[in-house]
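The structure appears below as structure tokens.
The values are calculated or read from the model by the stated rules, or taken from the named source; none is laboratory data. These numbers come from a predicted model, not from an experiment. All Cβ positions, even for glycine, are placed from backbone atoms using ideal geometry, and neighbour counts span all protein chains on display.
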Amino acid sequence: MSTKLQFRSPSARPGDVPDFSQFHVSAPGELPVPDLRFDAVNPWKYATGLIRVLDSEGNATGPWADYLGDDGDDNAILLGLKDIMKMRAIDARMQNAQRQGKITFYLQCTGEEAIGSGFQRMLSSGDMNFPTYRQPILLIAADYPLQSLLGQLYSNQLDPLQGRQLPTMHSARDYGFFTISGNLGTQYVQSVGWAMANALTNNSKIAAGWIGDGATASNDFHSALLSASVYKPPVVLNIVNNQWAISTYSGIASGNGVTFAARGIGYGLPAIRVDGNDYLAVLAASKWAIARARKGYGPTIIEWLTYRAAAHSTSDDPSAYRPKNEADAWPLGDPLDRLKTHAIKQGIWSKERHTQAEAEFIAEVKEVQKEVEAHGTLIDPASMSPAGIFRGVYEKIPPHLNRQRQEMGY
Amino acid sequence: MSTKLQFRSPSARPGDVPDFSQFHVSAPGELPVPDLRFDAVNPWKYATGLIRVLDSEGNATGPWADYLGDDGDDNAILLGLKDIMKMRAIDARMQNAQRQGKITFYLQCTGEEAIGSGFQRMLSSGDMNFPTYRQPILLIAADYPLQSLLGQLYSNQLDPLQGRQLPTMHSARDYGFFTISGNLGTQYVQSVGWAMANALTNNSKIAAGWIGDGATASNDFHSALLSASVYKPPVVLNIVNNQWAISTYSGIASGNGVTFAARGIGYGLPAIRVDGNDYLAVLAASKWAIARARKGYGPTIIEWLTYRAAAHSTSDDPSAYRPKNEADAWPLGDPLDRLKTHAIKQGIWSKERHTQAEAEFIAEVKEVQKEVEAHGTLIDPASMSPAGIFRGVYEKIPPHLNRQRQEMGY
Amino acid sequence: MTNMTMIEAIRSAMDVMLDSDPGVVVMGQDVGYFGGVFRCTSGLQEKYGTPRVFDTPINESAIVGMAIGMAAQGMKPCVEMQFADYVFPAFDQITQEAARIRHRSNGQFSCPMVIRMPTGGGIYGGQTHSQSPEALFTHVAGLKVVQPSTPRDAKGLLIAAMNDPDPVIFLEPKRIYNGPFYGDHSAESIGWGSHPGGDVEDDLFTIPLGKADIRRAGNEVTILCYGTMVYVAERATEKTGIDAEIIDLRSLLPLDLDTITASIKKTGRCVVVHEATRTSGFGAELIAEIQEACFYHLEAPVQRVTGWDVPYPHAQEWDYFPGPDRVSRAMRRALEA
Amino acid sequence: MTNMTMIEAIRSAMDVMLDSDPGVVVMGQDVGYFGGVFRCTSGLQEKYGTPRVFDTPINESAIVGMAIGMAAQGMKPCVEMQFADYVFPAFDQITQEAARIRHRSNGQFSCPMVIRMPTGGGIYGGQTHSQSPEALFTHVAGLKVVQPSTPRDAKGLLIAAMNDPDPVIFLEPKRIYNGPFYGDHSAESIGWGSHPGGDVEDDLFTIPLGKADIRRAGNEVTILCYGTMVYVAERATEKTGIDAEIIDLRSLLPLDLDTITASIKKTGRCVVVHEATRTSGFGAELIAEIQEACFYHLEAPVQRVTGWDVPYPHAQEWDYFPGPDRVSRAMRRALEA
Ligand SMILES: Cc1ncc(C[n+]2csc(CCOP(=O)(O)OP(=O)(O)O)c2C)c(N)n1
Ligand SMILES: Cc1ncc(C[n+]2csc(CCOP(=O)(O)OP(=O)(O)O)c2C)c(N)n1
Ligand SMILES: [Mg+2]
Ligand SMILES: [Mg+2]
């Protein structure tokens, strides 16, 4: 018998019928809530199972629902609806603004909103996220001013980063949002270092790292898990598995690995796998992992199962590499639809209220967008001092940068 | 409750009593020989258990002994004794030569010899090892000429590498030994690429990567396991866990991970853990993993349990960081003693024959050493053309290197 | 002859090499089924099959590490870094391994591989899609470093690089992938159709590494540049009306010092232009060689026009970008002196 | 005042900083219980406890990545790379992250950290224990790059680096850890005891980054050097009897250009010396700045004495090492011209 390389490919390509038949969707309650120490539980079960709360009818059931308790009350549900709807309004308007040439670049997170929203709602002030560009909803759920958010997208005077970074590469220390790099993976291990500082200075704060399925392939993913395993700092390491990395399906990053969560096992790190489109499961799992970190039981790996319903970015056209209707076939559905159904069942929401809310959020974003655009767009840019680019490279401008500024003529 | 970092430390430091009480030594036969496809077996069991053949009395028993069959016959045993004894003679003489200032640097592999010897004996010609500096015995078991081996250590005209590399950083393509770098980890993923080329060109050869317990922390370790998991090339990825990385005990590299083999599980790679001081277990496990690769079933991770009985190198003094007699307390004993006991039990060896053989090997090495030293030592170096250093940087010497050679004045 | 964009020319180079040499494999992120985010490998997997052209995980270090193993056995991997900004995770494998395997093994093993990467800014890519790291690679003995400025050069140089016995860093100026760029982003973009450099032989041909190209003969000042900056220099020359000799280096390592010195001994003045940050950029190396080789011919200090020593800005990238005005000023300084 | 080796001085710097600033942590491979393979951190874990001084896994990228996270929150990590040759796995974290966090976050976060690494050869370390990567870091906006040449400078500069608000690459010339080295390996080694540079203040003091040190005033030629090469230059000056002004740069980025230009305007001649390979080495940057600032004062081409463009050889390291003879020849060339 001869040796042949394995070249992995997704279950469906353009023209094929979307196929998730290999994807096992467990019922809520299949996995009990383990003790925070996570001792004596079978790691394999949690790293390969799927934690869920909402059943197909939109009822909250099972041990994780019980564990969530009041943190999943009506108010929490409404906050979730608000975050997600607001995010979708922003995505819609900004995608459009980019198409109109008003901003250089944009990137939507459609279909993944429940994860960042629910996780952020369980954090405390002073905790720090190390997000990817796909998690702006962390800022929404932290009530970051829309004006700053849009200002950064428009790279004008309202941009807290003075146009230095790409749109969507936000930084908001006061809102627990670390400066995004753009280099994949690098910040995952930094979140571990930040958490180490939390423990060393005993400030009772925690850190959260974020990475995509594709970027789990990066060396920094290993660096982060290794460091977390060696020093056990208060960090939650989130893996957002949205099935795609630009045109590359998650199987190229997982290889023959069963799940991404399972990577944690080899490092002796508790790892759980969660339905990321189930807002209540997100709240419950986040509550558990954050409590573990806060109480000093150490790191947790969470693989969030979701689906990147939108294109990778405004530079991408997914129809070239996956079936058009694959999102509809995604077994875990849409997080907003599912939360909406649950809210209506709870009697705190209605179709009408929903439609009305959608309009309200679009209006709110439009409003802010108008203000922000008044300060400049790509078509009609705000003037910025050329010499400004020499600021902030170092705390004090060194002689050679001053010479260059003079040479520049400003 | 507050968050405290974990700072891992070994069970014993200088002055303490060596303590391996946490180390579970399974009996031969605890783990059956799985089908080469490794389907449907519990990966956890093999990644955390310990494959052994020789029992405490030196008898070969259990399923791995049966699987080994004739490959563990009298001749194989005598070859193992020969390799290890020859290696020890070389280590003794070269350690000494360094102390006498005849060579710049040396590094012993005492206590770990069974692994490289047994593994190499199961390879076929054309297979390629990507070794660490700790595996010169791969060359011994491949019958590499002693003159070339010592020539490299003496960096004189007999050095196949013309003195370009540190002693112990050998390169011997015709003997299946890839050029050693000195940067830890880097070559582990290269072995995967080499194996991919084997598969792509269908040449029925395989590759073997080598890495130490400490270097499993390197990013390249992850790169290698990931790549092996994605493309499934014919490669055996060896982890030599000799408990120490210079002064750093293996717990700093493992973190909370139970074993190093367990890292493979998250990548969906078959991973086994083997008594590396049990020559017959080495032969059997090597035979199995190499057959898997050769037959096209893909990569195998092997964690070899052993103990670095010698100092890290001639620059190191272990008494500063571990108990003096820790090696004697090591539960898996000494590979040569154990093989010797077995050979004597088999009636093919005796104490007298052993003592005589030791003397023969020392004599053989001394002999070659004399020839080699005639070509120059560090004290009395052989002259080499200064301009020689410009050769081999590129296939053809480019203009700027010719200019520099002229500037040099030769 | 076909008129091609630089993307098509690069694809064509890999195409003819895949076709003529079974040892060639093409690998990288999104390069397989999809054909690369810049489409440089579009259609190649379909034509040559997955084992020849395939997707890799997002791990630049693993990509280069695997390629080194393949190359050491005699294959000719041509790997893509999605952006030059993302080559740094592979920096160890490239500088400590690929560059040294031939030397440290005394020729038992070698590393015939090409690492392609889109480089340079001017596309509003911000600090992580705009960098020009060429100088870093030129400091590493054992590497070769190349950057084309036309589709024809891109194909000829890439084929030469893929056939080279040693590792080659192949930098692709993404700003001119689809047409020359003269430094004015408000001007409407033009394609390669009208440019002679867009006419490319259809089959296999090579342009030797280490040979510069005199893009414009002139007598008043020598401009040394490569990639996008060649067009910026051309525009500055038009603007100033100065009779400049514009030399496209094409190959930074090895460097065509003969062509450079011949020109400067003629003009006595020199302007060095690159988009990378200034300090320890490749311009410094050029100046060091020039002042040694042409000291007594230089009538004025060699002028450096480069990116400023700051991270590549997003909104203000045109304040960073070394455009025709800055080059013009430098040319005048070189002449005034 | 105590006479210290450079190792003791570096240890003393970390000691006083650990003592005076609770935010300081020291981490790296073998630096904890054992005290480092060069003993630079010996005794510090015992004195300050494991949470302040600890061992790390063998992953340079993880070490720097963790340190960045700590620094961003306001701690002051001082990390050790066991050898400069092993910094490359961390190159991405250093150049793309540490160097840019202040800028890209508009000051919301910063990265006050020091990355120490033994550099240079002359210890028969071969290609993986001898490299001098300083030039690579000087090309990166946002970093500072320092190299001391005496125990006193080592302590003063390291404390300044640890108190600096931005990331500093701190290169330690290992060949002179235990005493000055004048370039003749057959001469018996001397310690720091007899050298004024070995007398070091016991408590906290700083030497500002960005200031060069004129080690010898002279009028005939300016020698720019740093680290071990300072002593090679001194020996060459003795040998030739040429009245050289020897400038120890100490800080490469930021660079003390004023001191350099003042000297060259006086001498009119210059020799640049470094152990790193030549092409795109830091000597190139020095020459580029000099020829711009001192063009009309230069009477001869600036001479470059550097390591050759080859991997650092093991057996033949003295054929690679830029010794007093090569520097002497360059000084004469500079004067003859
Ligand atoms: C080190 C590095 N390599 C490559 C890229 C180019 N790149 C940007 S996004 C992306 C895909 C990331 O996929 P994933 O991690 O799954 O995140 P997602 O976009 O799905 O949220 C790639 C390859 C990068 N930004 N950084
Ligand atoms: C990238 C890199 N970092 C650090 C070193 C320095 N170093 C050389 S050997 C060693 C310990 C390696 O331990 P291990 O991997 O267990 O192998 P062993 O020496 O035990 O065989 C270290 C840290 C190196 N060679 N390369
Ligand atoms: Mg993804
Ligand atoms: Mg070890």
Tell me the helices (runs of 4 or more DSSP H) entirely within the range B:134-221 that contain at least 2 residues that are among the polar types (S, T, N, Q) and farther than 23 Å from B:Y307 by Cα. B:146-154, B:186-200
Just to be sure I understand the filter: pairs with C-beta atoms under 6 Å, separated by 6 or more residues or on different chains, first member in the range B:1-18 and within 15 Å of B:S247 (Cα to Cα) and more than 9 Å from every other protein chain (Cβ to nearest Cβ), second member modelled with pLDDT under 85 and not in a loop (DSSP other than H, G, I, E, B). Which pairs pass? none
Answer yes if at least one residue in the range C:187-194 is in contact with a Phe, Trp or Tyr (Cβ under 7 Å, 6 or more places away or on another chain) and closer than 24 Å to C:E134 by Cβ, and no otherwise. no
Taking into account only those residues within the range A:199-220 that are more than 8 Å from every other protein chain (Cβ to nearest Cβ) and under 19 Å from D:S105 (Cβ atoms), which is surrounded by the fewest Cβ atoms within 10 Å (Cβ to Cβ)? A:K205
Any chance you could count how many residues in the range D:240-261 are within 14 Å of another protein chain (Cβ to nearest Cβ) and out of contact with any Pro (no Cβ under 6 Å at 6 or more places or on another chain)? 11
Is it the case that the range D:55-65 has a residue that's part of a loop (DSSP other than H, G, I, E, B), out of contact with any Leu (no Cβ under 6 Å at 6 or more places or on another chain), away from ligand 4 (no atom under 16 Å from the Cβ) and closer than 28 Å to C:A276 by Cα? no
Determine, yes or no, whether C:L335 is modelled with pLDDT of 95 or more, away from every other protein chain (no Cβ under 13 Å), assigned to a helix (DSSP H, G or I) and closer than 22 Å to D:E299 by Cα. yes
From the list A:K86, A:K102, A:K82, which one is at pLDDT 95 or above and not in a helix (DSSP H, G or I)? A:K102
Looking at (1) within 16 Å of ligand 3 (Cβ to nearest atom); (2) of a type outside the set (F, W, Y); (3) within 12 Å of chain B (Cβ to nearest Cβ); (4) closer than 23 Å to A:D127 by Cβ, which is the only condition A:R273 fails? (3)
Given (1) outside any loop (DSSP other than H, G, I, E, B); (2) buried (at least 20 other Cβ atoms within 10 Å of the Cβ); (3) within 14 Å of another protein chain (Cβ to nearest Cβ), index of the condition A:S319 fails: (2)
B:R322 vs. criteria within 16 Å of ligand 4 (Cβ to nearest atom), modelled with pLDDT under 95 and closer than 26 Å to B:Q98 by Cβ: yes
Checking A:S247 against (1) more than 7 Å from every other protein chain (Cβ to nearest Cβ); (2) touching a Gly at 6+ places or on another chain (Cβ under 9 Å): exactly one of these is not met. Which one? (1)
Residue count for the range A:385-400, restricted to those that are outside any helix (DSSP H, G or I) and away from chain D (no Cβ under 13 Å): 1
Return the total of residues in the range B:230-259 being part of a helix (DSSP H, G or I), buried (at least 24 other Cβ atoms within 10 Å of the Cβ) and more than 9 Å from ligand 2 (Cβ to nearest atom). 4
In the list A:S254, A:S286, A:S229, A:S223, which residue meets the criterion of being hydroxyl-bearing (S, T, Y), away from ligand 1 (no atom under 16 Å from the Cβ) and within 12 Å of chain B (Cβ to nearest Cβ)? A:S229
Of everything in the range D:208-253 that's of a type in the set (G, A, S) and more than 21 Å from D:T119 (Cα to Cα), which residue is surrounded by the fewest Cβ atoms within 10 Å (Cβ to Cβ)? D:G241
Tell me which of these D:R278 doesn't satisfy, since it passes every other one: (1) among the basic types (K, R); (2) surrounded by fewer than 23 Cβ atoms within 10 Å (Cβ to Cβ); (3) within 14 Å of chain B (Cβ to nearest Cβ). (2)
Go through (1) crowded, with 16+ Cβ neighbours inside 10 Å; (2) within 30 Å of C:L252 (Cβ to Cβ); (3) within 14 Å of chain C (Cβ to nearest Cβ) for B:Q406 and report which single condition fails. (1)
List the number of the failed condition for B:D83; all other conditions in (1) away from ligand 4 (no atom under 16 Å from the Cβ); (2) under 14 Å from the mean Cα position of the chain (by Cα); (3) within 14 Å of chain D (Cβ to nearest Cβ) hold. (3)
Residue pairs qualifying under the 9 Å Cβ cut-off, at least six apart or on distinct chains, with the first in the range C:96-115 being more than 7 Å from chain B (Cβ to nearest Cβ) and the second being modelled with pLDDT under 95, are C:R100/B:S181
Flag for D:V221 being closer than 28 Å to A:Q404 by Cβ and more than 12 Å from every other protein chain (Cβ to nearest Cβ): no
Subset of the range C:74-95, residues surrounded by fewer than 24 Cβ atoms within 10 Å (Cβ to Cβ) and within 7 Å of chain B (Cβ to nearest Cβ), comes to C:M75
Confirm whether B:S148 is closer than 30 Å to B:M384 by Cα and either among the aliphatic types (A, V, I, L, M) or facing chain C (nearest Cβ under 10 Å) (or both). no
Quick check on my filter: what residues within the range C:64-95 are charged (D, E, K, R) and free of Cβ contacts under 8 Å to residues at least 40 places away in the same chain? C:D92
Can you spot a residue in the range B:179-198 that is more than 9 Å from chain C (Cβ to nearest Cβ) and surrounded by fewer than 24 Cβ atoms within 10 Å (Cβ to Cβ)? no
Among the residues of the range B:200-226, the number that are touching a helix residue (DSSP H, G or I) at 6+ places or on another chain (Cβ under 8 Å) and either more than 16 Å from ligand 4 (Cβ to nearest atom) or farther than 24 Å from A:A262 by Cβ (or both) is 14
